[in-house]
Amino acid sequence: MNNLYQRLDLNLLRVFDVLMRSRNVTRAAEQLNLSQSTVSHALARLRQALDDPLFVMTRKEMRPTQRALALAAPVRQALALLEQGVRQSASFDPSVSARTFRLAVPSSIEHGVVPLLVELLHQRAPACRLAVSELANSDYEDSLSRGELDLVVAFADGDHLSSRLRVDPWFDNPMVCLSAEGSGLPGCLSAEQLVSWSHVSTSTWGHNQTLVEQWLKEKGLERHIAVWVPSFEALPKLLATGRYLAMVPELIARDFCHYYPLQQHSLSESLRSTYILAQHPLTEFDPALTWLRQLLTEVGDRLHQSP
């Protein structure tokens with residue numbers, strides 16, 4: 001064991017990391033752009049150096065041993081840190097970069113913020129691309145550490161992100177009520193007026209709707225949910241029937257009232273949803289992500305200043 005580190009070169013660690021994720025020599029070879037025999041030979045060297053089989057064949061995949069499972073996280077973190085160091089050695093030029101930025105965001109951000117972000121990327125980093133996925137009930141530590149995601153937009157009180165992530169406030173937005181034009185409702189609604197109607201809930205999992213429920217519960221009130229939908233797509237047509245109300249962030253209501261025959265109502269008490277940016281510490285000094293965070297800060301400032 002004294003000369004273990006001398007026997008484990010970087011290529012072997014890369015092979016181990018890809019095998020942990022693919023659990024298949026052929027797939028690992030394809031990802032590494034190596035021949036299958038080269039990957040098999042590297043695995044043999046790893047087994048000899050570590051004195052452990054590392055992976056055991058089953059009917060479906062190569063199953064890692066306990067030793068391999070114990071090594072997986074440190075190896076992944078070491079490789080990610082090395083990759084981060086290499087990236088930091090080069091500056092980021094948005095005007096020529098062709099990087100793909102990967103974000104997980106709630107549906108309200110996808111609808112109300114992503115179009116503005118895309119427009120700014122088009123102006124300042126025309127060759128860069130944006131890949132957006134929907135926020136899920138995940139701690140996101142693994143996907144951020146692997147580089148599968150760059151940033152996660154979440155809710156300040158969501159209570160699901162890993163405590164090991166770097167988390168910073170982004171911007172907040174008031175919750176408002178949407179109704180069909182001609183509903184007869186005043187511009188400002190009390191909690192009692194809010195629960196006198198049936199509602200459409202725009203998420204089966206999400207903080208904004210939970211925020212509303214908790215606010216009403218504190219007052220001993222509960223709204224009747226007639227329809228649950230997973231996004232905002234069906235909301236205009238549902239509200240146009242005149243039968244329902246919907247609680248949404250103001251940035252969503254602003255767009256809907258512009259394009260559809262809907263009107264928004266403020267609440268008698270302020271109810272605000274705060275969005276945060278989460279990032280893995282391994283990528284904290286990535287110049288490309290530093291630039292992206294600055295761009296997102298500008299986007300948040302614009303939204304915060306909007307009426």
key: Local electrostatic count at Ser273 - Lys and Arg +1, Asp and Glu -1, tallied over other residues with Cβ under 11 Å   = -2
ask   = Taking θ as phi - 60°, what are the ³J(HN,Hα) couplings along the stretch 268-279 by the Karplus curve (6.51, -1.76, 1.60), each to the nearest whole Hz, with x for Gly and Pro?
value = 5, 10, 5, 10, 10, 9, 9, 9, 10, 10, 10, 8
query = How large is the helix-only mean residue ellipticity at 222 nm for the chain, computed as the sum of -39500 (n - 2.57) over DSSP H runs with n ≥ 4, divided by its residue count, in deg cm²/dmol to the nearest 500?
reply = -13000 deg cm²/dmol
request  = List, in order, the whole-Hz ³J(HN,Hα) value for each residue of the stretch 223-231 obtained from phi through the Karplus relation with A = 6.51, B = -1.76, C = 1.60 and θ = phi - 60°; use x for Gly and Pro.
outcome  = 8, 8, 8, 8, 9, 10, 10, x, 8
ask   = Summing Lys, Arg as +1 and Asp, Glu as -1, what charge do residues with Cβ under 12 Å from the Cβ of Ser133 carry, Ser133 excluded?
value = -3
key: Per-residue SASA entry for Arg164, accessible area with 1.4 Å probe, Å² rounded to 10   = 150 Å²
query = Along the charge dipole of the chain, Cβ charges K/R +1 and D/E -1, which of Thr100, Pro186, Val176 sits furthest on the positive end?
reply = Thr100
ask   = So how much accessible area does Trp170 have, in Å² to the nearest 10, using a 1.4 Å probe?
value = 30 Å²
task = Please work out whether the stretch 99-178 counts as rounded, prolate or oblate from its C-alpha gyration tensor, where a ≥ b ≥ c are the square roots of the eigenvalues and a/c under 1.5 means rounded, while otherwise a/b larger than b/c means prolate and anything else oblate?
result = oblate
key: For the stretch 263-307, accessible area per residue (1.4 Å probe, heavy atoms of protein chains only), Å²   = 45 Å²
ask   = Within the accessible area of the stretch 34-110, what % is carbon and sulfur when the probe is 1.4 Å and the other protein chains stay in place?
value = 54 percent
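Express the accessible area of the stretch 132-193 per residue in Å², computed with a 1.4 Å probe while the remaining protein chains stay in the model.
45 Å²
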ask   = Once the convex hull of the C-alpha atoms of the stretch 244-298 is built, how many Å³ does it hold per residue, rounded to a whole number?
value = 131 Å³
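The values are calculated or read from the model by the stated rules, or taken from the named source; none is laboratory data. The structure displayed is predicted, hence computed values, not measured ones. Here Cβ is always computed from backbone atoms with ideal geometry, including for glycine, and neighbour counts include all displayed protein chains. The area values use the complete protein model at the heavy-atom level, side chains included, leaving out ligands, DNA and RNA. Shrake-Rupley method; radii C 1.70, N 1.55, O 1.52, S 1.80 Å.
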